[in-house]
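Colleague: So that we are looking at the same thing, I have put the structure below in structure tokens.
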Amino acid sequence: MTTITISRQMGSLGSEVAFLVAERLGYRLVWRELINLAARRAGAPEMALAAIDELDLLGLTPSPQAQRAYIDEVNRIVNELAEQGDVVILGRAGQVILHGRPGTLHVRIFAPQPLRIKRVAEKLGVTLDKAAAQVEASDRYRARYLRRFYHAR
């Protein structure tokens, strides 16, 4: 196996799992730099901020053309990474983009919502109500991203 994709829920410790897996296997971990590279290649730097802003705090709305160019570049980069191998790809719909590709393991990290809320509250130093709102907004954003750009659940 040369490629691992990891999707996760906010507060599930999925990012931490991805870091540990990459370290243990000696694989490259690709995460946020994929967002930045895709935005640069697409000529749409605002997409990097919009993609990272999963809680929609910045209110960015890149044009449909910028969004399409960005998604096309994400797809291209994820496939390039898989071609190189020995990589852990965190997020960005890697599980959808590389669906059915030989030599690829897709992992989904999830946890019960109350535990996720507690972890987010502790990590960010916010109330449980605020953490719950962030977890729910993150879940909606991630589901909407997959539906909108990949017609997937």
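Every number in this text was worked out from the coordinates using simple rules, so none of it is lab data. Please read all numbers here as calculations on a predicted model, not as lab measurements. Positions of Cβ are generated from backbone atoms using ideal geometry, with glycine treated the same way; all protein chains shown enter the neighbour counts.
Colleague: Shape of the chain from its Cα gyration tensor (a ≥ b ≥ c, root eigenvalues): rounded if a/c is under 1.5, otherwise prolate when a/b > b/c, or oblate?
Modeller: oblate
Colleague: In percent, how large is the relative contact order of the chain, given Cα pairs closer than 8 Å and 6 or more residues apart?
Modeller: Dividing the mean separation by the residue count of the chain yields 38 percent.
Colleague: Right, next: Report the gain in length on full extension from Arg41 to His99: 0.36 nm times residue separation, minus Cα-Cα distance, nm rounded to one decimal.
Modeller: Roughly 18.5 nm would be gained on extension.
Colleague: From a point 7 Å beyond the Cα of Leu115 in the direction of its Cβ, which residues of the range 1-35 have a backbone N at a distance under 17 Å?
Modeller: Once the point is set 7 Å along Cα→Cβ of Leu115, 7-18 turn out to lie under 17 Å by backbone N, inside the range 1-35.
Colleague: Multiplying the sequence separation of His106 and Tyr150 by 0.36 nm and subtracting their Cα-Cα distance, what value in nm do you get?
Modeller: Taking 0.36 nm per residue and subtracting the Cα distance, the gain is 14.2 nm.
Colleague: Stretch Phe19-Asp72 to full length: gain in nm at 0.36 nm per residue minus the Cα-Cα span?
Modeller: In short, 16.5 nm is gained.
Colleague: Students often check this: by mean Cβ neighbours within 10 Å, which of 130-141, 18-29 ranks highest, and how do the rest follow?
Modeller: Ranked by mean Cβ neighbours within 10 Å, highest first: 130-141, 18-29.
Colleague: A follow-up question, please. Search the structure for amide H atoms under 5 Å from the amide H of Val107, placed 1.01 Å from N in the peptide plane, and list their residues when 5 or more places away or on another chain.
Modeller: Residues meeting the amide H criterion: Thr5, Ile6, Ser7.
Colleague: Sort the following peptides by mean Cβ neighbour count (other Cβ atoms within 10 Å, averaged over residues), highest first: 35-41, 112-118, 6-12.
Modeller: Details: 35-41: 18.7, 112-118: 16.0, 6-12: 21.9.
Put in order of decreasing packing, that is 6-12, 35-41, 112-118.
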